[in-house]
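So the structure is just underneath, and the comments pick up after that.
The values are calculated or read from the model by the stated rules, or taken from the named source; none is laboratory data. Remember, predicted model here, so these are calculated numbers, not experimental data. Because the Cβ atoms are built from the backbone with ideal geometry, glycine has one as well, and the counts that use them run over all protein chains shown. Side chains are part of the model used for accessible areas, which takes the heavy atoms of the whole protein and leaves out ligands, DNA and RNA. Shrake-Rupley method; radii C 1.70, N 1.55, O 1.52, S 1.80 Å.
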Amino acid sequence: MGIVLWEVPDFVVDQSIKREINRSTGELSICFEGSGNSLGKLPLLYKEDGSSIRVANIWLIHLKANLRKKAVNTQAQALLHYFTFIEDIGIAWDTMPAALRKRPTYGFKKHLREAYKNGDIARSTANSYMGVVIKFYKFYLARNHPFEHPPFKHEIVKVNTSGSHEYMRKTLIHVDTTDLRLKLPNDTSYYGLSRKLLPMNHQEWRVAKKYYKELQTGVSNRSNNTKSIALSQEFQIAIELSRYCGLRRSEIISLRVNAIYKPSSEQLRKKYLINADGLALDPRAGVATKNGTVRIAEIPSELMQQLYDYTNSARYIQRRKLYEESHPEDKHSPPLLLNQLGKPYSSKSIDARWGELRNAIRSELPNFSHKFHNLRSTYAVERLKELLNSGIKEGKALDYLQSVMGHKSRATLLGYLKLSEEVVTANEIHELATNIILESGEN
């Protein structure tokens, strides 16, 4: 029997209970009175038969009601994984045999480590899930739950706090922790790729696109005050230049309006504008490319048209006027991305907006941890898949992508190739299965 998460739209506590007995029937009725205190949305765990996983839900309610947590989605997802794991191995959450390896907490630690090594889970996600499980058990240990043996052992470790200030140098502090720490390495790779370069999968990109393009909404968490904010058109352009053209952040914020033009009807019939028709990235024109190299990036023809329309909009013209007033020497080649004060977009601005978009995405995908640069990785893998699916040989596909992305080394692209080929193979199997079904007349 599986375990599911069900989100209560508005969980209310501190209401008074009213009991009434029907004098004619003797029937007892109970209802809640008063407005109480609303905790907002609250994800809770249930079995497929509708029964509540009470011990998990008590802790989640405690986090919201007593510790005043704004959201507990991450904690709920971690417990979902944990309780699914212990159900699969057939052990109760509070069964703690004498042998450490037989205790569910240590089994889950091994499970997370193996999932990380296999590339099924990110390092940060594994550490987060383990930390949640530890806090869950600490809650019940503090309430003297009758475990036969403790869920974990406490440890005291030394942590080096060396910093740039003199008083912080060669300083050690002792931290109380547990032996369930995963101690996962930072450099574990997936298909030969650094985890910092992993692309988004289809679900992650679908949800990201929903929030930045359709809803155009991010979430700010400043000063513990959570609120929805509108994402600007300029930030949407930055996302698309990285996702569909493979531009680096530094290249996006320094891209000049002169690189944008109105595509001809013949060019619009093409999916991509390449070679001389592509997006010119030249340091001599002010574009900050890596290592000062000159290259032409490809760009979807429809995106070029959208950028041309934007540069002729009242919004951009007003921003361009403000920029030219303070930069008269640069009036013929202003940056494409300007804020409402007419100042060029900065890396910090993009990172801040991406953080707000990521917060919004986490309302659906709590473990979404991609950085802005992963849009470029996503472009590389998806474009490689397109090239391979169109019949282009691996070597030529890599040569082309290395050229348009400005990669000095092919090592990263080889990792992308392995990832792309894996998906291409899966696509071919799916197509073959579909053809067999269609030929057999099954629906």
task = Report the extension gain between GLN402 and LEU414 in nm, rounded to one decimal, defined as 0.36 nm multiplied by the number of residues separating them, less their alpha carbon distance.
result = 3.3 nm
ask   = Can you list residues whose amide H is under 5 Å from LYS69's amide H, if they're 5+ apart or on another chain and H is modeled 1.01 Å from N?
value = LYS64
key: Paramagnetic reach from ASN312 in region 264-280 [backbone N under 16 Å; point 7 Å along Cα→Cβ]   = 264-268
key: Residue-normalised accessible area of region 223-378, given per residue in Å² at a 1.4 Å probe   = 48 Å²
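Among 137-148, 308-319, how do they line up by average Cβ neighbours within 10 Å per residue, starting with the highest? Don't jump to the answer; show the numbers that get you there.
Numbers: 137-148: 12.3, 308-319: 14.2.
Going from most to least packed, we get 308-319, 137-148.
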inquiry  = Could you tell me the calculated FRET efficiency between LEU28 and LEU268, based on Cβ-Cβ distance and R0 = 60 angstrom, to the nearest 0.05?
reply    = 0.25
request  = Starting from the Cα of ILE392, step 7 Å toward the Cβ, then list every residue of region 279-318 with an amide N under 13 Å from that point.
outcome  = 297-300
ask   = In percent, what relative contact order does region 1-141 have, based on Cα pairs under 8 Å that are 6 or more apart in sequence?
value = 20 percent
remark   = Amide H proximity to TYR272 below 5 Å, modelled H, separation 5+ or other chain, gives SER301
Efficiency of FRET between GLN340 and ASP179 - r from beta-carbon atoms, R0 51 angstrom, step 0.05 = 0.45
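Would you work out the charge dipole size for region 23-125 about its Cα centre, treating the Cβ of every Lys and Arg as +1 and the Cβ of every Asp and Glu as -1, and quote it to the nearest 20 debye? Intermediate results must be reported in sequence, preceding the final value.
Working: 16 positive and 9 negative charges, 131 e Å.
That gives a dipole near 620 debye.
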query = Roughly how many percent of the accessible protein surface of region 300-391 is carbon and sulfur, given a 1.4 Å probe and a whole-percent answer?
reply = 48 percent
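On the protein heavy atoms, probe 1.4 angstrom, tell me the percent of accessible surface of region 4-134 carried by carbon and sulfur. Display every interim value, and only then the final one.
Values: 3660 of 7410 Å².
After summing per-atom areas, the C and S share lands at 49 percent.
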ask   = Nearest 0.05, what FRET efficiency do ALA230 and SER124 give at R0 = 22 Å with Cβ-Cβ as r?
value = 0.20
request  = Using amide H atoms built 1.01 Å from N in the peptide plane, name the residues 5+ places from ARG295, or on other chains, whose amide H lies under 5 Å from its own.
outcome  = LEU281
